[in-house]
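Okay, so here's the structure we're looking at.
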Amino acid sequence: MLVAAAAGIAPLSAVEPLAVRGGKMVGVESGEPRALHGVSLAWHHFADKYYNREVISTLHSTWGVDVVRAAIGVELENCYDADPERAMRALRSAVDAAVEEDCYVVADWHCHHIRTAEAVEFFRTVASEYGHLPNLIYEIYNEPEYDTWDEVKAYAEQVIAAIREIDPDNVIIVGCPHWDQDVDIVADSPIEGFDNLIYSFHFYADTHRQANMDRCDYALSKGLPLIISECGAMDHLGGGVINYEWWGRWVDWARRNSVGWIAWSLSDKVETCSMLRHGAPTDGEWSLDDLKDWSLLVISSLKRERNIDNEK
Ligand code: MG
């Protein structure tokens, strides 16, 4: 039985070139705000079995995502540092599938430390191969841990410059210090001199609550464009219980502010934040038994976004 949880979902808007204007991500052709909603694939070094056309087709057509995120691990065992060919194979598989499905895709440098030379090399390749396609969004630094904003900013300026030599226009997501929490600090000193930059905020709803929302409100009040490129309803380690109340508050906040969100993550690892039961098929043909509480919540939240869009 295929999952029918997304039955009745409104049609998704077609992919169009994106830009960042007036503090929001917008469609260049429609001129309308485009708050994307989707799912992040998990770290490629253990979840690249799900980096395929069939999975992305199910996510797009049945779950109703308009963006998927390819989390290309860098520093851990079997990641980009040790095996760049496997990393690039996973990335290309996800991006090619998203293009075929008419869906946006984030090329995420899933790193927690500054590795400028490696990032420049990676993003030059990505920009050369995919920078001409409207589907592609760059994410140049998943989650800085202990780097200051001055350090992250200097890194970002080098990587952005390398991308812009090849691709003048696709949107680039910039990470913020302390696991994408310090958006208020970034808002006081954003990067200048480049177009189509947007900054990432990450929340895990059982950990991050009103104080984090206040920092996001401050950032938006200063005109900083935000995207939630990763989020969950559980604690910041991806475990514990699902906090339905604060998940609801965050998605309502995102909706009010035209901020998109991408839920973490599509994997069968045994943890609250992995959406599939251990051993779930890799071809996207999931039964209801393959889906955990977290994926059911994400699917219902995606459906709600679509239906609100459709009622406008
Ligand atoms: Mg381009």
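Here are the numbers:
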item: For VAL174, residues with placed amide H under 5 Å, excluding near neighbours; result: ILE198, TYR199, SER200
item: Centroid-to-centroid separation of the range 183-232 and the range 239-312 [C-alpha atoms, Å]; result: 21
item: Other-chain or far-sequence residues with amide H under 5 Å of GLU143's (modelled H); result: CYS111
item: Residues ASN307 and ARG249, FRET efficiency given R0 of 25 Å [Cβ-Cβ distance, rounded to 0.05]; result: 0.80
item: R0 of 22 Å, Cβ-Cβ distance TYR146-ASP83: FRET efficiency to nearest 0.05; result: 0.25
item: Cα extents of the range 269-311 along the three principal axes, largest first (Å); result: 38, 21, 13
item: Eligible aspartates and glutamates near LYS222 by straight Cα distance, threshold 15 Å, same-chain separation 8 or greater; result: ASP182, ASP184, ASP188, GLU192, ASP214
item: Filter on LYS49/LYS303; LYS49/LYS269; LYS24/LYS49; LYS153/LYS269 - keep pairs with C-alpha separation over 24 Å; result: LYS49/LYS303; LYS24/LYS49; LYS153/LYS269
item: For SER267, distant residues with modelled amide H under 5 Å away; result: MET275, LEU276
item: Where labels lie 7 Å past Cα in the beta-carbon direction, separation of LEU133 and GLU100 in nm; result: 1.1
item: Cβ-based exposure ranking for TYR51, TYR218, in which fewest neighbours within 10 Å come first; result: TYR218, TYR51
item: The range 56-79 and the range 106-181: distance between their alpha carbon centers, rounded to Å; result: 17
item: ³J(HN,Hα) computed for each position of the range 286-293 - Karplus, 6.51 cos²θ - 1.76 cosθ + 1.60, integer Hz, glycine/proline x; result: 8, 8, 4, 5, 7, 9, 8, 3
item: Neighbour-count order for PHE201, PHE123, PHE194, fewest beta carbons within 10 angstrom listed first; result: PHE194, PHE123, PHE201
item: Radius, Kirkwood style, for the chain when every pair of distinct Cα atoms is counted (Å); result: 19.1
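Read-outs throughout are calculated quantities, based only on the coordinates presented, and are distinct from any laboratory measurement. If you're wondering where the values come from, they're calculated on a predicted model, not measured in any experiment. Cβ sites come from the backbone with ideal geometry, for glycine too, and all protein chains shown count toward neighbours.
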